[in-house]
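Worksheet: one structure, shown below.
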Amino acid sequence: MAATPGLAPFTRVDDDVWMTTVDGGVTPLNIGLVVGTRQAVLIDPGPAEGDHRALLAAVRDVTDVELVVVNTHGHGDHIGANAFLREQGVEIILAHRDAEVATSTQLLQEGPVSLDIGGIDVVVEHLGRGHTDGDVVVVVRREGHDGIMFCGDLVREGTDPSFRDSHPMEWVRTLGRIWSMAGSFSRIIPGHGRPVDADFVASMRRRMQQGHSVSQQALRDAVNDATKAIPILPYGPEESRELITRLRAGH
Ligand SMILES: [Zn+2]
């Protein structure tokens, strides 16, 4: 397929598991594709802007089984392309109830949902709040292979996590859950950045725990002037400000 600006061809992560990237705000967004014998699941098709026909063509270069979409959370850079895909007959099958994905036909509430796509185990699970009100992870398992997990923006590589809509303390716990599962995974695919491993998740969790403690202490010391803590937080100034803002608001 000819190269399309902003859309890389799908590359194989493992048998039946693929990923590509599209322009997605500050850093490229990762799009996942898990191919079963009956259906293929596209994980986070990308922002509203972009060449969605090229994305569909790239999927069709990999597989011609029925295509469905799962969203890891409700941010526009992950779900914006849903509307176009739905017009093309692609069903948006699953997102979290609190992710406000209006195009989704099914909403995850409690407990994991297993997708029956044929020959490969795909489980969509809410491990707790974190990056947003409604984050889910997509766990892919196949006999004889290590698992692969798509984490959306609960995990982010190369740039700081985004706290704008976050629940920072719950996020630390949710990262702990991801880490405790991660030993059996060969790859953890973040929403943005390169694939990572369990050690990366552990260090992201430690840093967030530290950021949380420093911010809470600063809020106890001076609730209206906690921004003094920004230079000593383990994140850039903008992310640090958002972290403090969310904690001050009680999240
Ligand atoms: Zn996000």
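The values are calculated or read from the model by the stated rules, or taken from the named source; none is laboratory data. Computed from a predicted structure; not experimentally measured. Virtual Cβ from ideal backbone geometry, glycine too; neighbours counted across all protein chains shown. Ligands, DNA and RNA are excluded from the accessible area calculation, which covers all protein heavy atoms including side chains. Shrake-Rupley method; radii C 1.70, N 1.55, O 1.52, S 1.80 Å.
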Out of region 62-98, which residues are open to solvent by 10 Å² or more (accessible area, probe 1.4 Å) and either within 16 Å of the ligand (Cβ to nearest atom) or of a type in the set (S, T, N, Q) (or both)? T63, G74, H75, G76, D77, I79, G80, Q88, D98
Does R129 meet the test of being open to solvent by 50 Å² or more (accessible area, probe 1.4 Å) and within 16 Å of the ligand (Cβ to nearest atom)? yes
For the structure I just gave you, tell me whether P168 is over 15 Å from the mean Cα position of the chain (by Cα), within 16 Å of the ligand (Cβ to nearest atom) and open to solvent by less than 10 Å² (accessible area, probe 1.4 Å). yes
Assuming D153 fulfils every condition listed in (1) open to solvent by 10 Å² or more (accessible area, probe 1.4 Å); (2) within 13 Å of the ligand (Cβ to nearest atom); (3) not in a loop (DSSP other than H, G, I, E, B) apart from one, which condition is it? (1)
Considering region 24-38 alone, what residues qualify as being surrounded by fewer than 20 Cβ atoms within 10 Å (Cβ to Cβ) and either modelled with pLDDT of 95 or more or more than 20 Å from P161 (Cβ to Cβ) (or both)? T37, R38
Applying the selection to region 111-128, what residues are small (G, A, S) and outside any loop (DSSP other than H, G, I, E, B)? S114
Are any of the residues in region 184-199 free of Cβ contacts under 8 Å to residues at least 24 places away in the same chain, more than 19 Å from S240 (Cβ to Cβ) and touching a strand residue (DSSP E or B) at 6+ places or on another chain (Cβ under 8 Å)? yes
Selection within region 206-224 - open to solvent by 60 Å² or more (accessible area, probe 1.4 Å) and either in a loop (DSSP other than H, G, I, E, B) or under 18 Å from T132 (Cβ atoms) (or both): V223, N224
For region 107-126 the number of residues that are touching a residue at least 60 places away in the same chain (Cβ under 8 Å) and either within 16 Å of the ligand (Cβ to nearest atom) or crowded, with 18+ Cβ neighbours inside 10 Å (or both) is 4
Residue in region 172-191 that is nearest to the chain's Cα centre (by Cα), counting only those that are surrounded by 17 or more Cβ atoms within 10 Å (Cβ to Cβ) and assigned to a strand (DSSP E or B): I189
